[in-house]
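Worksheet: the structure to be examined is printed underneath.
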Amino acid sequence: MTDPKQRLDVLRADIERRNPAQPEFHQAVREVLDTLAPVFAARPEYAEAGLVERLVEPERQIIFRVPWTDDRGRVHVNRGYRVEFNSALGPYKGGLRFHPSVDIGVVKFLGFEQIFKNALTGLGIGGGKGGSDFDPHGRSDAEVMRFCQSFMTELYRHIGEHTDVPAGDIGVGGREIGYLFGQYRRITNRWEAGVLTGKGQGWGGSEIRPEATGYGSVLFAGEMLAVKGVSLDGLTAVVSGSGNVALYTVEKLQQLGANPLTCSDSQGYVVDDKGIDLALLRQIKEVERGRVSEYAARRGPSARFVPGGRVWEVPADVAFPSATQNELGADDARALIANGVKAVSEGANMPTTPEAVHLFQAAGVAFGPGKAANAGGVAVSALEMSQNAGRSAWSRDRVEDELAGIMREIHRVAYETAARYDAPGDYVTGANIAGFERVADAMLAQGVI
Ligand code: NDP
């Protein structure tokens, strides 16, 4: 038998050749394949079944035109995507991202990650992702609505509660899910609540879904710190981003007695020596849809805005990258390590570059990869699907308890799997292998499809 590592290296080169100009997808695949050699050594049947070859090829990729008209009557054309990556464990599940950087490689990276993340939740959901290069910044509500309606006019034929269940991601929150759901309902004449998650409460949405990713990322950090005998209470934190994930990361940190000092957007970051005033930040971001620079202007002398800067230069005990991919590089990691960071929990997807991950691990910093640390969002989405199927609405306490249990369990599985494969404390290896084994076993059982 060929050496498993060599075989995976050959496969990786082939994947890069067959999927040119998709650097984020290559990075996501490489990060998983780099950890799988011991699994292939222990389970040769995986190689015989061509599992990696099948896993890296999406079951279906849909690309479509999205024409819409702005408030001045001008016609715009964006591109829409849905990549239905793997349905061995359940219907495709994963968010929609509206951001100018979205292309097929970005959607494939996110969809590929989603397969393993969703498997880790243990909740019977497959992996998918979608979005558009539409930029919602500066667009009126009416423009966003017309865009969402046009997007759904094509997407509706590909999705369904038993087929593919999209949700939010960057640029897609409660407002957009509302417009998308309305158009789906209108076209299909079906009240099919389980076709989208992240809906509003009162029309099928789950308690705690908006909070779930940020809350889960903090809970995961708490679990990693507990292994080291440390509590979040009294620690300082740096958080990047100021969207859905970042806001609720800040909220949960404050609930647990930690002090988040920063937030950011694509123009720069805010550091607030007194700790973030969440009510003010929410007013600016959620109500006014403004920029974090306005927070510093209104908060008073404790806060300042650093244009173009990166939050990672601010000393803190724990770090929560919660904005976007590759936002924390090697120099940022060195700065965090020099300042004594104890744990890093990825609220965003793939925010830490591979070099930075290695630096954290070599320095003994507990590092929670997004597949595990930010799985709380999709986990509560799956709970939303359960509530929709049963036409019921669970209490806030019940959903929050379920979320806490799921995050604990993901941590336990990742931690124990890492130990089983001789990589104690390496949550990247643990999460990749645990997720992979669940999907791989289902694919083995279901034959070559
Ligand atoms: P939002 O759109 O609510 O917020 C995104 C935030 O990140 C904004 O502050 C935005 O700033 C910033 N940002 C986005 N792109 C860039 C960029 N290229 N450079 C610098 N800053 C940027 O998105 P979410 O909070 O929902 O998502 C954040 C991350 O979390 C993403 O990686 C997403 O995939 C991941 N995630 C989200 C889940 C969810 O439930 N929403 C679930 C699991 C993971 P600006 O406004 O200036 O663009």
| query | surrounded by fewer than 19 Cβ atoms within 10 Å (Cβ to Cβ), more than 24 Å from Val341 (Cβ to Cβ) and either within 11 Å of the ligand (Cβ to nearest atom) or assigned by TED's automatic domain parsing to the domain that holds Ser322 (or both), is that true of Arg304? | reply | no
| Hits in region 86-141 (condition: at positive phi, touching a Gly at 6+ places or on another chain (Cβ under 8 Å) and either assigned to a loop (DSSP other than H, G, I, E, B) or of a type in the set (Ser, Thr, Tyr) (or both)) | Gly90, Gly124
| Selection from region 413-449 of residues that are at negative phi and outside any helix (DSSP H, G or I) | Tyr421, Ala423, Pro424, Asp426, Val448, Ile449
| For the subset of region 198-217 comprising residues that are in a helix (DSSP H, G or I) and within 12 Å of Leu383 (Cα to Cα), which member is most open to solvent (accessible area, probe 1.4 Å)? | Arg209
| task | Answer yes if at least one residue in region 55-73 is farther than 21 Å from Asp141 by Cα and part of a helix (DSSP H, G or I), and no otherwise. | result | yes
| query | Of (1) touching a strand residue (DSSP E or B) at 6+ places or on another chain (Cβ under 9 Å); (2) open to solvent by 10 Å² or more (accessible area, probe 1.4 Å); (3) of a type in the set (A, V, I, L, M, F, W, C), Ala279 satisfies all except one. Which? | reply | (1)
| query | Any residue at all in region 205-225 that is of a type outside the set (D, E, K, R) and over 22 Å from the mean Cα position of the chain (by Cα)? | reply | no
| message | Against the definition (within 16 Å of the ligand (Cβ to nearest atom) and buried (at least 17 other Cβ atoms within 10 Å of the Cβ)), how does Ala323 come out, yes or no? | response | yes
| task | Please state which of the following conditions Gly130 fails to meet, knowing it meets all the rest: (1) of a type outside the set (Asp, Glu); (2) in contact with a strand residue (DSSP E or B) (Cβ under 8 Å, 6 or more places away or on another chain); (3) open to solvent by 10 Å² or more (accessible area, probe 1.4 Å). | result | (3)
| region 327-356, subset assigned to a helix (DSSP H, G or I) and within 16 Å of the ligand (Cβ to nearest atom), residue least open to solvent (accessible area, probe 1.4 Å) | Ala356
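The values are calculated or read from the model by the stated rules, or taken from the named source; none is laboratory data. Just so it is clear, the model here is predicted, and its values are computed rather than measured. Note: ideal-geometry Cβ built from the backbone for every residue, glycine included; neighbour counts use all protein chains shown. Note: areas computed on protein heavy atoms with side chains; ligands, DNA, RNA excluded. Shrake-Rupley method; radii C 1.70, N 1.55, O 1.52, S 1.80 Å.
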